[in-house]
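Peer 1: Below you'll find the structure I mean.
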Amino acid sequence: MSYVPIGPIHPGLKEPLRIKLKTEGERVVDAEVDLGYFYRGAEQLARGKPWQKVAYLAERVCGICSDAHPHTLIEGLERIVDCEPPLRAQFSRVIMGELNRIHSHLIANAIWFLAVEHETLGIYNLNTREKVMDLLEMISGNRVLYSWNIVGGVRMDFKESHLKKILDNLAEVESEVYRYRKMFKTGALLGLRSKDIGKMTKEEAIEVRAVGPTARGSGIKFDWRTKHPTYVDHFDFKPIWRDECDNYARVMMRFDEILESIKIVKKAVDELPDGPIRKECEIPRGSVDYRYEAPRGELAYIFETAKHGIIKEITIRTPTIMNLEACVRYMFKDSPTIADAIAIYQTIDPCIACTERVVIVDENGNRQDFRGVHTVLRNLKPFKSKKKDR
Amino acid sequence: MSSVIWYLYEFARKTWIDRFLNAKTDPEIAEAPSRFRDFPEVQKDLCISCGACVFSCPSQGAIKLVRDEERENIFPVINKSSCIRCGFCVEVCPTEPKTLKTGENYLIMEEYRILPQEKVYIADEYLCIRCKKCLEACKIGAINFKDNVISIDQSKCVSCGDCINACPVKGAIKETYIINIDEQKEIINTLIKSLEGTINLEVERIRKLPDHDPDKIIKLEYPLADYLQKARNIIPNDEMIIKTVEKVTDRLKMNIITWDDEKCNQCRLCVNECPTGAIKYDEKIGKVERDPEKCLRCTICYQTCPFGVPGLYVARFLLKNNVILITLKPSQIPIRG
Amino acid sequence: MIKEFIRKRSIHVCLVCTGGCNGCDIEVAALLSQRYDLEQYGIYYHNNPRESDALLVTGTVAKQWQEKLVEFYNKVPEPKAVVAIGACALSGGIFQQESDKVGAPVSDVIPVDAEVPGCPPRPAEIAIAVLKYVPPTLASYRRKI
Ligand code: SF4
């Protein structure tokens with residue numbers, strides 16, 4: 001029995017964290033994860049700040065799903081006032097959110113391919129991602145941090161030329177993703193590195209509460225987008241899932257989700273309604289618990305505001321914290337080699353910048369819960385879906 | 001063989017050898033699109049030095065107001081190393097055309113100003129003398145005069161404080177911090193506790209003041225230095241502390257109740273009247289006792305007692321040069337019965 | 001002599017993220033794609049400090065990093081260069097607010113040779129900075145005695 005420490009800086013890892021593997025020969029029997037290299041205290045900074053500044057801070061909780069964080073915060077704030085943004089703004093948010101998802105999934109797969117040393121596909125994926133990044137930069141003005149959402153709508157409007165470019169670029173991305181998907185499906189060596197490795201059954205996934213593509217790769221058919229009012233009303237969205245439960249399923253899942261996202265964006269661009277893109281909203285005192293499907297899974301923002309939209313208390317629950325536990329508890333078990341352990345770790349699409357949250361524990365080891373939660377859960381009111389009303 | 005080489009050479013020369021020799025990166029990758037939010041540019045002449053940009057910046061120290069000696073105006077300077085290129089300062093800039101510029105965006109939604117506020121300015125209808133000096137002082141037209149009432153448009157206000165400086169009446173425009181409410185409460189509580197402490201030290205002197213003689217007053221002083229140290233631990237913002245203290249001292253009126261045991265005849269009238277049970281009759285000693293911790297200062301005992309055991313004094317405060325001046329006077333409330 | 005000539009043309013870099021938002025890191029990763037193709041300029045992206053010539057440091061220096069970063073810097077063979085990327089590394093950016101959680105800027109912890117401002121900088125800006133500042137720094141590097 002021996003220990004293999006990996007990280008914090010390691011050629012196989014893109015973000016600093018330390019994984020300690022307990023091995024028997026090459027076989028991994030146990031693992032331990034050591035976090036804390038990324039802690040910045042975003043929640044502490046957010047307390048007592050007006051929401052306008054907190055939106056910028058939320059964006060910088062994670063740079064890869066940087067649309068999902070402000071998206072969740074701001075839709076949560078809108079739930080407090082019950083202020084529904086205009087339809088054009090809702091569609092713009094969908095377009096931006098899906099483009100963000102495409103780029104996030106592409107980089108996740110690229111990094112997995114680099115982790116299994118299939119550099120060709122890795123670099124191809126990165127290159128395809130540049131096309132999406134171009135779109136994001138052209139629309140919002142920054143490649144990574146978009147500052148796109150705002151209470152009551154979105155900041156900027158699309159131009160005609162933008163919509164045309166979106167369709168053009170996405171058509172290219174689509175054909176390329178089909179090609180990569182085929183290469184991944186038929187590649188014999190890739191099959192060896194991915195099939196039947198990093199198994200996590202459905203029951204195990206439910207037990208550790210895995211979320212997002214990791215859970216859907218294990219046969220859980222759940223996606224928060226099926227509960228999002230815009231998706232329910234205007235896009236008949238069905239969650240994608242696979243039941244292989246291994247690395248292959250998770251990587252394939254991402255390719256499939258990219259294709260589905262492209263479909264959604266195309267539909268949104270075609271049906272983009274005319275009208276204003278923003279509405280006046282004043283944020284009163286209140287509290288809310290709002291969840292949204294970030295590229296990596298369920299993202300929850302639970303917060304309380306004071307008058308004038310000042311954030312009093314905020315709790316952020318990010319998806320990777322659940323998936324990391326799933327990875328350490330079940331996926332690492334019986335991974336045949338140490339090289340595979342790194343590959344398994346990359347399939348959950350870890351984002352350590354998201355994960356570094358803090359939990360307050362008192363002396364007796366009891367977790368101190370956020371004060372607002374109980375009132376919040378009662379107040380939880382999504383906008384009513386128009387379809388169900390009829 | 002040689003023909004093959006010749007053929008290859010021909011093929012190479014014609015098609016790709018030139019391109020291979022002059023390989024260059026595609027220039028488009030270094031060019032930013034027209035919406036790209038670069039570091040903001042500053043047009044010094046347009047600035048009205050309202051400070052909205054400094055105030056709105058999510059990253060501290062990225063933008064500073066600097067005085068230009070030659071032109072005698074103040075304009076923002078951007079520190080590139082902490083600027084996060086969010087473009088929020090451009091969005092909130094109230095001048096027309098904008099002092100700060102970045103990309104082609106952020107000029108689209110002129111009608112929504114979303115400046116986050118730390119302070120709120122409110123005009124007081126009763127104290128206002130309608131001199132309209134603030135109307136002139138406000139450079140962005142956030143103050144309206146309608147139906148003989150001055151009102152401040154909160155959605156336009158950038159919290160620059162020019163109206164307060166122009167206003168000739170103290171308190172006609174009120175400035176309130178809306179952030180850190182809990183800390184402000186704590187500051188006020190500590191202030192009141194320490195003021196009480198200072199007054200309690202002087203109880204003996206106060207008791208000797210003859211009742212109902214309005215000219216007799218006691219003056220005390222409370223220097224702020226110690227208190228400031230304590231308050232800085234709660235929130236390290238001197239301006240906010242001083243503003244809060246000033247507001248509190250302007251309004252605060254404290255009732256001080258003294259207790260003169262010698263005059264008491266154990267009639268126990270006050271024991272039943274006291275709403276909190278702060279006054280109790282102790283059977284063993286045969287004495288009426290008052291617990292100052294529980295006292296609400298409702299002055300009922302003062303009004304009930306036929307012998308004048310409780311004394312009532314009123315303290316008022318004024319902040320001047322970092323010293324709180326305390327003035328103690330006997331109360332004017334008449335004794336019942 | 002030959003060493004110096006070669007070193008100018010082939011730079012091995014190591015990326016260290018010390019706790020930002022990942023934005024700068026993915027922009028460095030984007031440099032690997034064919035679009036930017038870092039390797040055509042002779043820069044090889046390598047996450048191993050012992051084999052690298054230049055450290056690319058991103059992010060606010062989180063608590064755990066404050067000592068480790070110095071250790072790290074000592075592991076890089078001489079001559080070495082450090083490029084600080086992003087607002088976080090230069091000043092703490094949005095996270096540098098009355099909080100003691102971060103130890104930014106990076107230049108407080110290790111000597112920094114080049115700075116790339118922006119949040120995040122565009123990949124082209126990073127590549128230009130690395131190409132412009134790293135070779136001269138390596139050439140004029142003096143061994144500390
Ligand atoms: S500088 Fe900006 S983009 Fe880079 S890590 Fe910091 S917050 Fe993220």
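Every number in this text was worked out from the coordinates using simple rules, so none of it is lab data. These numbers come from a predicted model, not from an experiment. Cβ atoms come from the backbone with ideal geometry, glycine included; neighbour counts cover every protein chain shown.
Peer 1: Before rounding to the nearest 500, sum -39500 (n - 2.57) across all DSSP H runs of length at least 4 in chain A and divide by the residue total; then give [θ] at 222 nm in deg cm²/dmol. Walk me through the numbers on the way to the answer.
Peer 2: Values: 16 runs with 186 residues, N = 390.
Helix-only estimate at 222 nm: -14500 deg cm²/dmol.
Peer 1: Using alpha carbons only, how many angstrom separate the centre of the stretch C:108-125 from the centre of the stretch C:16-48?
Peer 2: A separation of 13 Å, based on Cα centres.
Peer 1: Beta carbons within 10 angstrom, averaged per residue: use that to sort the peptides B:82-95, C:66-79, C:43-56, highest first. Mind dumping the intermediate values first?
Peer 2: Values: B:82-95: 23.8, C:66-79: 14.9, C:43-56: 18.9.
Taking the mean over residues of other Cβ atoms within 10 Å, the ranking is B:82-95, C:43-56, C:66-79.
Peer 1: For the stretch A:25-76, build the charge dipole from Cβ charges (+1 Lys, Arg; -1 Asp, Glu) around the Cα centre, then report which of A:L35, A:H69, A:A46 sits farthest towards its positive end.
Peer 2: Checked the options; the winner is A:A46.
Peer 1: In nm, to one decimal, how far is the modelled label at B:E196 from the one at A:K159, with both set 7 Å along Cα→Cβ?
Peer 2: Using points 7 Å along Cα→Cβ, the separation is 6.6 nm.
Peer 1: Relative contact order of chain A: what whole-number percent is it, with Cα pairs under 8 angstrom and at least 6 residues apart? Kindly include the intermediate steps, with their values, before the conclusion.
Peer 2: Values: 697 pairs, mean separation 95.9, N = 390.
This gives 25 percent for chain A.
Peer 1: Considering chain A as a Gaussian network with a 10 Å cut-off on Cα pairs, which listed residue, A:G48, A:G309, A:G187, attains the greatest mean-square fluctuation?
Peer 2: Of A:G48, A:G309, A:G187, the Gaussian network model singles out A:G187 as fluctuating most.
Peer 1: With +1 assigned to the C-beta of every Lys and Arg and -1 to the C-beta of every Asp and Glu, and no other charges, what is the dipole magnitude of the stretch B:119-177 about the Cα centre in debye, to the nearest 20?
Peer 2: Working: 9 positive and 7 negative charges, 20 e Å.
Dipole of the stretch B:119-177, to the nearest 20 debye: 100 debye.
Peer 1: Out of residues 5 or more away from B:I173 or on other chains, whose amide H comes under 5 Å of its own, with H placed 1.01 Å from N in the peptide plane?
Peer 2: Those qualifying (amide H under 5 Å, at least 5 residues apart or on another chain) are B:D124.
Peer 1: May I pose another question? Along the Cα→Cβ direction, 7 angstrom out, place labels at B:F307 and A:R329. What is the inter-label distance in nm?
Peer 2: If labels sit at B:F307 and A:R329, their model points lie 7.4 nm apart.
Peer 1: While we're looking at this one, here's another question. If the limit is 24 Å between Cα atoms, which of A:K53/B:K101; A:K185/A:K267; A:K14/A:K227; A:K307/B:K80; A:K165/C:K132 go over it?
Peer 2: On the way: A:K53/B:K101 20 Å; A:K185/A:K267 28 Å; A:K14/A:K227 33 Å; A:K307/B:K80 34 Å; A:K165/C:K132 34 Å.
Table pairs above 24 Å Cα-Cα are A:K185/A:K267; A:K14/A:K227; A:K307/B:K80; A:K165/C:K132.
Peer 1: Counting only other chains, and only Cβ atoms inside 10 Å, what mean value do you get across the residues of C:11-23?
Peer 2: On the way: counts 0, 0, 0, 2, 4, 3, 9, 4, 10, 5, 16, 15, 11.
Per residue, the average neighbour count from other chains is 6.
Peer 1: Quick one, can you get me the convex hull of the C-alpha atoms of the stretch B:217-337 expressed as volume per residue in Å³? List each step's numbers first, then the result.
Peer 2: Values: hull volume 17.3 nm³, N = 121.
Dividing the Cα hull volume of the stretch B:217-337 by its residue count gives 143 Å³.
Peer 1: Another question about this same structure. What is the average number of partner chain Cβ atoms found within 10 Å of a Cβ in A:2-14?
Peer 2: Numbers: counts 0, 0, 0, 0, 0, 0, 7, 11, 2, 6, 1, 1, 8.
Counting Cβ atoms of other protein chains within 10 Å of each residue's Cβ and averaging gives 3.
Peer 1: For a protection proxy built on the mean count of beta-carbon atoms within 10 angstrom, sort B:171-182, A:337-348, B:280-291, C:21-32 highest first, please. Walk me through the numbers before you get to the answer.
Peer 2: Working: B:171-182: 16.7, A:337-348: 23.0, B:280-291: 12.1, C:21-32: 25.7.
The peptides rank, most packed first, as C:21-32, A:337-348, B:171-182, B:280-291.
Peer 1: Sticking with this structure for a sec: Name the residue farthest towards the positive end of the dipole of chain A from the options A:Y292, A:A89, A:A326, assuming +1 on Cβ of Lys and Arg, -1 on Cβ of Asp and Glu, about the Cα centre.
Peer 2: A:A89
Peer 1: Hey, got the average number of other protein chain Cβ atoms within 10 angstrom for residues in A:107-115? Working shown, then result.
Peer 2: Numbers: counts 3, 0, 0, 4, 2, 0, 0, 2, 0.
What the average comes to for A:107-115 is 1.
Peer 1: Another question, then. Can you work out ³J(HN,Hα) from phi for every residue in the stretch A:306-313, in order, using Karplus 6.51 cos²θ - 1.76 cosθ + 1.60 and θ = phi - 60°, giving whole Hz and x for Gly and Pro?
Peer 2: 9, 4, 6, x, 9, 6, 8, 9
Peer 1: Another question about this same structure. Quote the FRET efficiency, to the nearest 0.05, computed for A:E172 versus B:Q229 with a Förster distance R0 of 60 Å and r equal to the Cβ-Cβ distance. Display every interim value, and only then the final one.
Peer 2: On the way: r = 65 Å, r/R0 = 1.08.
With a Förster radius of 60 Å, E is 0.40.
Peer 1: Would you list which lysines come within 20 Å of B:K230, measuring only between C-alpha atoms, while excluding same-chain residues fewer than 8 positions from it?
Peer 2: The qualifying lysines are B:K185, B:K193, B:K243, B:K247, B:K320.
Peer 1: I need to check one value: relative contact order of the stretch A:1-99, counting alpha carbon pairs closer than 8 Å and at least 6 residues apart, in percent.
Peer 2: On the way: 89 pairs, mean separation 14.1, N = 99.
Answer for the stretch A:1-99 is 14 percent.
Peer 1: A further question on this structure: Once you order the gyration tensor axes a ≥ b ≥ c over the Cα atoms, which shape class does the stretch C:26-76 get: rounded for a/c under 1.5, otherwise prolate or oblate by comparing a/b with b/c? Spell out each step's value before the answer.
Peer 2: Numbers: a/c = 4.00, a/b = 1.74, b/c = 2.30.
Verdict is oblate for the stretch C:26-76.
Peer 1: Let me ask something else. State the percent of C-alpha pairs, over all pairs in the protein assembly as shown, separated by a distance greater than 51 angstrom. Could the numbers behind the result be given before it?
Peer 2: Values: 114959 of 379756 pairs.
Everything past 51 Å amounts to 30 percent.
Peer 1: As a test of the definition: which semi-axes, in Å, follow for chain C when you take the square root of five times each eigenvalue of its alpha carbon gyration tensor? Largest first, please. Working shown, then result.
Peer 2: Numbers: eigenvalues 116, 68, 28 Å².
Taking √(5λ) for each eigenvalue gives 24, 18, 12 Å, largest first.
Peer 1: Something else: When you count, for each residue, the other Cβ atoms within 10 Å and take the mean per peptide, how do B:221-232, A:100-111 rank with the highest first?
Peer 2: On the way: B:221-232: 14.2, A:100-111: 26.0.
Ranked from most to least packed, the peptides come out as A:100-111, B:221-232.
Peer 1: Treating the angle as unsigned and between 0 and 90°, give the value, to the nearest 10°, between the Cα long axis of helix C:123-139 and the longest Cα principal axis of chain C.
Peer 2: 60 degrees
Peer 1: If you place +1 on the Cβ of every Lys and Arg and -1 on the Cβ of every Asp and Glu, how big does the dipole about the Cα centre of the stretch B:220-290 come out, in debye to the nearest 20?
Peer 2: On the way: 12 positive and 13 negative charges, 47 e Å.
Dipole magnitude for the stretch B:220-290 comes out near 220 debye.
Peer 1: Using the C-alpha gyration tensor of chain A, what are the square roots of 5 times its eigenvalues, in whole angstrom, with the largest one first? List each step's numbers first, then the result.
Peer 2: Numbers: eigenvalues 227, 145, 64 Å².
For chain A, the semi-axes come out at 34, 27, 18 Å.
Peer 1: Taking chain A as the reference, fit the longest principal axis to its C-alpha atoms, fit the long axis of helix A:87-115 to the helix C-alpha atoms, and give the angle between the two in degrees, 0 to 90, nearest 10.
Peer 2: Roughly 10 degrees, rounded to the nearest 10.
Peer 1: Could you tell me the distance between the Cα centroids of the stretch A:208-276 and the stretch A:83-149, to the nearest Å?
Peer 2: First find each Cα centre; the distance between them is then 15 Å.
Peer 1: Is the stretch B:41-112 rounded, prolate or oblate when judged by the Cα gyration tensor, a ≥ b ≥ c being the square roots of its eigenvalues, rounded requiring a/c under 1.5 and prolate requiring a/b larger than b/c?
Peer 2: Details: a/c = 1.84, a/b = 1.20, b/c = 1.54.
Oblate.
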